[in-house]
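Structure record follows, encoded as structure tokens.
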Amino acid sequence: MTEACVPTVLVTSRPPRHRHDYVDELVGDDSEGRAPKGVVLEFRTDPFRAHGVDVIHLTDIATVLGGPRTPARERTRRAKRFTRMLKRRGIALVRTVREGEATREPSPAEAIVNAAATSVTSPDPTAAAAGHAITVIGHSHVRDRFLGFPREDPVAGRVLITAVTTLHPSSQPAVNVFGIADVPGWTLRIAGKVPIEIEESYARTLADHTDTMSLRDELLSDAACVSEVSQAEIVLVTGVANHRSQSILMLALSLDRPVLVEDTPQTRSLAEEVGASWVRRHPGPLTAHALETELAALRADPPTGRPNLDSRDPNLISEQYNAVYRAAAAAR
């Protein structure tokens with residue numbers, strides 16, 4: 001393959017649509033015709049139907065191996081079939097690892113796929129994969145994505161926990177912490193679908209705090225999520241290693257709302273990047289004392305200006321993916 005060639009990449013996902021999703025990170029922002037054009041992207045959820053492509057970007061290994069209920073023997077069979085196909089058709093593999101994948105021992109089937117990967121990417125800078133150096137590519141900002149969406153004025157004292165899909169399991173302990181914290185003048189807004197298995201627990205907690213907690217129990221559209229975030233004084237992001245939580249974090253910063261997250265190497269790096277007053281951190285799991293301290297500190301010294309998101313420009317992020325694809329195609 002020559003430098004003049006433009007590789008074709010099959011992304012194992014649905015194509016970009018009206019709802020913002022991970023695949024938008026790969027495409028960039030072409031509203032002004034400036035999105036990177038260094039590769040041709042195709043989108044298909046079945047990686048075994050890869051014909052005439054140079055690279056497969058495996059965004060979720062389940063598309064190859066099957067879900068958690070798939071028997072181990074079948075998962076291994078699928079992994080071997082997939083890697084044989086890659087070799088037979090001369091296709092390079094880019095694999096993205098997600099929350100928890102890279103920090104645990106891979107299954108035999110996962111190990112087979114990992115061994116076939118030309119490149120490994122992750123949005124999490126703390127990730128590591130056996131046998132591969134990981135290219136860390138962070139989430140892009142969405143400042144321009146939602147320019148036409150109605151935004152609300154912030155509600156003084158509103159803390160928001162939200163999700164575009166189902167609320168992360170780590171949100172429930174945070175709700176419980178808010179319930180026991182001494183934070184007069186603050187209220188908690190929860191927006192997102194409550195998992196069925198903890199609906200009763202949420203209902204009991206909310207019944208005990210009707211004056212200070214409210215719940216919007218539904219899957220949120222992009223417009224609804226923008227509305228909820230814009231009304232918050234601060235967004236409490238739990239499960240920050242989860243890629244969907246990272247999307248909420250970046251949405252909040254894009255809408256000029258500070259976030260409160262657990263102190264990790266990842267969030268410390270982000271705070272240095274965008275401004276410490278925008279990314280407020282608590283040590284370890286959230287406690288009532290930590291919540292009280294951080295909310296008091298926010299009131300005493302609120303952020304000014306806007307967070308620095310220059311390095312999270314959508315087309316810069318897209319170009320980082322394009323560079324990975326071109327290098328993988330050239331290495332075949």
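The values are calculated or read from the model by the stated rules, or taken from the named source; none is laboratory data. This one's a predicted model, so the numbers in the text were calculated from it and none came from an experiment. FYI the Cβ positions are ideal-geometry reconstructions off the backbone, even for glycines, and counts take in every protein chain you see. The area values use the complete protein model at the heavy-atom level, side chains included, leaving out ligands, DNA and RNA. Shrake-Rupley method; radii C 1.70, N 1.55, O 1.52, S 1.80 Å.
Only one of GLY33, GLY38 is assigned to a loop (DSSP other than H, G, I, E, B), surrounded by 13 or more Cβ atoms within 10 Å (Cβ to Cβ) and not hydroxyl-bearing (Ser, Thr, Tyr). Can you tell me which?
Answer to the selection: GLY38.
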Could you say whether any residue in the range 148-167 is within 20 Å of SER13 (Cα to Cα) and modelled with pLDDT under 90?
yes
Tell me yes or no: at least one residue of the range 250-266 is in a strand (DSSP E or B), of a type in the set (A, V, I, L, M), modelled with pLDDT of 95 or more and surrounded by fewer than 20 Cβ atoms within 10 Å (Cβ to Cβ).
no
With respect to the numbered conditions (1) farther than 15 Å from ALA116 by Cα; (2) touching a residue at least 12 places away in the same chain (Cβ under 8 Å), which one is the sole condition not fulfilled by ARG69?
(2)
With the requirement that a residue be under 24 Å from PRO15 (Cβ atoms), open to solvent by 10 Å² or more (accessible area, probe 1.4 Å) and assigned to a helix (DSSP H, G or I), what does the range 50-85 give you?
ALA62, THR63, ARG78
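Please work out if THR45 is among the β-branched types (Val, Ile, Thr), surrounded by fewer than 18 Cβ atoms within 10 Å (Cβ to Cβ) and under 26 Å from ASN315 (Cα atoms).
Values: among the β-branched types (Val, Ile, Thr): yes; surrounded by fewer than 18 Cβ atoms within 10 Å (Cβ to Cβ): yes; under 26 Å from ASN315 (Cα atoms): yes.
So THR45 passes the test.
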Condition first: in contact (Cβ under 8 Å) with a residue 24 or more places away in the chain and surrounded by fewer than 19 Cβ atoms within 10 Å (Cβ to Cβ). Now tell me which residues in the range 88-100 satisfy that.
ARG89, GLY90, ARG98, GLY100
Residues of the range 188-240 being open to solvent by 40 Å² or more (accessible area, probe 1.4 Å), of a type in the set (A, V, I, L, M, F, W, C) and in contact (Cβ under 8 Å) with a residue 12 or more places away in the chain, in sequence order, are LEU215, LEU219, ALA223
Reported set for the range 267-290 where residues are in a strand (DSSP E or B) and not charged (D, E, K, R) is VAL279, HIS282
Select, from ALA271, ALA329, ALA297, the only residue that is aliphatic (A, V, I, L, M), surrounded by 16 or more Cβ atoms within 10 Å (Cβ to Cβ) and without any contact (Cβ under 8 Å) to a residue 24 or more places away in the chain.
ALA271
